[in-house]
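Structure first, then comments.
The values are calculated or read from the model by the stated rules, or taken from the named source; none is laboratory data. Just so you know, these numbers come straight off a predicted model, no measurement behind them. Here the Cβ positions follow ideal geometry from the backbone for every residue, glycine too, while neighbour counts run over all protein chains shown.
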Amino acid sequence: DMDKAAIRIAAAVVAREKIAIFGDYDVDGAASSALLKRFLAHFSVPSEIYIPDRIFEGYGPNPDAMRELVSRGATLIVTVDCGTNSAAAVEAAKEAGADVVVLDHHQVRGALPAAHAVVNPNRDDDLSGQGHLCAAGVVFLALVQTAKVLRAMTDAAPPDLLSLLDLVALATVCDVVPLTGVNRA
């Protein structure tokens, strides 16, 4: 779903839609949220980061939070480091009027949510061989693809994506993923 995700995010950038970033509360989730926020800020796209309260809301997207983000004007919700196993929350966002793009790396339990796109190298049907990436790595690759789509859609110069790699490196180490493949680069 990488192309579907990149095309939807790029369309939101061009249309200046409000994008909500729903992140996890660990370093990988915070870094992933910051990556996407910095990318969107380059294009002056309105966005907000939502990190759930781990005590009261638990892990991952929940229906009430998704509906709240839509009520604040979000037309696209991008979940980072969560969302793969959150079918009810994705459905709540869709019913409230927003598209959802999931950028995650967690193992899939059951059916995928009915999101606009679910980018996860640990999906059963994923052939990328990148299952060792943390969420920030997945987000970074999605931003590379989104920048490519934006170059084809507009004359706006994309941000310097290499300047975001410090956040990817931090998340990679803190999430204790294997230092193999692109994680060693």
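Every condition in (1) touching a Cys at 6+ places or on another chain (Cβ under 7 Å); (2) over 24 Å from TYR50 (Cβ atoms) holds for ALA169 except the one numbered (1). For region 51-103, enumerate the residues that are surrounded by fewer than 18 Cβ atoms within 10 Å (Cβ to Cβ), in a loop (DSSP other than H, G, I, E, B) and hydroxyl-bearing (Ser, Thr, Tyr). If the condition is that a residue be surrounded by fewer than 18 Cβ atoms within 10 Å (Cβ to Cβ), in a loop (DSSP other than H, G, I, E, B) and hydroxyl-bearing (Ser, Thr, Tyr), then TYR59, THR75 are the ones that fit. Please find, within region 1-45, the residue that is surrounded by the fewest Cβ atoms within 10 Å (Cβ to Cβ) out of those that are outside any helix (DSSP H, G or I) and among the basic types (Lys, Arg). Filtering first and then ranking leaves ARG16.
Would region 117-129 turn up any residue that is outside any loop (DSSP other than H, G, I, E, B) and of a type in the set (S, T, N, Q)?
The initial filter retains those residues of region 117-129 that are outside any loop (DSSP other than H, G, I, E, B), namely 117-119.
Then drop every residue that is not of a type in the set (S, T, N, Q), which leaves none.
Within region 117-129 (the criterion being outside any loop (DSSP other than H, G, I, E, B) and of a type in the set (S, T, N, Q)), the answer is no, since none of the residues qualifies.
Residue pairs whose Cβ atoms lie under 9 Å apart, separated by 6 or more positions or on different chains, with the first residue in region 154-176 and closer than 16 Å to VAL80 by Cα and the second at pLDDT 95 or above and among the basic types (Lys, Arg), are LEU164/ARG38; LEU167/ARG38.
Taken over region 104-122, the criterion of being of a type in the set (Val, Ile, Thr), buried (at least 23 other Cβ atoms within 10 Å of the Cβ) and in contact with a Ser or Thr (Cβ under 7 Å, 6 or more places away or on another chain) is satisfied by VAL118 alone. Quick check on VAL139: is it under 12 Å from THR79 (Cα atoms), in a helix (DSSP H, G or I) and of a type outside the set (Asp, Glu)? Spelling it out, VAL139 is indeed under 12 Å from THR79 (Cα atoms), in a helix (DSSP H, G or I) and of a type outside the set (Asp, Glu). Sub-8 Å Cβ pairs linking a first residue in region 77-88 that is under 13 Å from SER47 (Cβ atoms) to a second residue that is among the polar types (S, T, N, Q) and surrounded by 24 or more Cβ atoms within 10 Å (Cβ to Cβ), at least 6 apart or interchain, are VAL80/SER32; VAL80/SER33, ordered by first then second residue. Among residues of region 129-146 that are free of Cβ contacts under 8 Å to residues at least 60 places away in the same chain, those with a Cβ under 8 angstrom from a residue that is surrounded by fewer than 23 Cβ atoms within 10 Å (Cβ to Cβ) and among the hydroxyl-bearing types (Ser, Thr, Tyr), sequence gap 6+ or separate chain, pair up as HIS132/THR180. Scan region 159-185 for residues that are part of a loop (DSSP other than H, G, I, E, B) and crowded, with 18+ Cβ neighbours inside 10 Å and the total you get is 2.
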